[in-house]
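All remarks here apply to the structure that follows.
Read the figures in this text as sums done on the coordinates, not as results from a lab. Since the model is a prediction, treat every value here as computed from it, not as a measurement. Neighbour counts run over all protein chains shown; Cβ positions are idealised from the backbone, glycine included.
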């Protein structure tokens, strides 16, 4: 499992846990529980955002590797054309 997928799952769990804690705080009129629920939901949002950043970085790295490989192939082909004359 990729780091991005793991962060996305952890984020969803934190958000759900925060929603439950916030609901408990609402039912029991517990301001601290409501606040903690908001904090957990924010943590979940941050983890999901980090997953997006990690996925984007992985994509950029993959594209860079492909570009380097394409450049190597083009240089190799050009070299062979020059030496085959």
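Residues of region 20-44 that are surrounded by 14 or more Cβ atoms within 10 Å (Cβ to Cβ) and farther than 30 Å from residue 57 by Cα: 21, 22, 24, 25, 30, 33, 34, 36, 37. Criterion applied to 67, 12, 46, 57 was being assigned to a helix (DSSP H, G or I) and more than 16 Å from the chain's Cα centre (by Cα), and the one residue passing it is 67. Of the residues making up region 18-35, those that are at negative phi and outside any helix (DSSP H, G or I) number 1.
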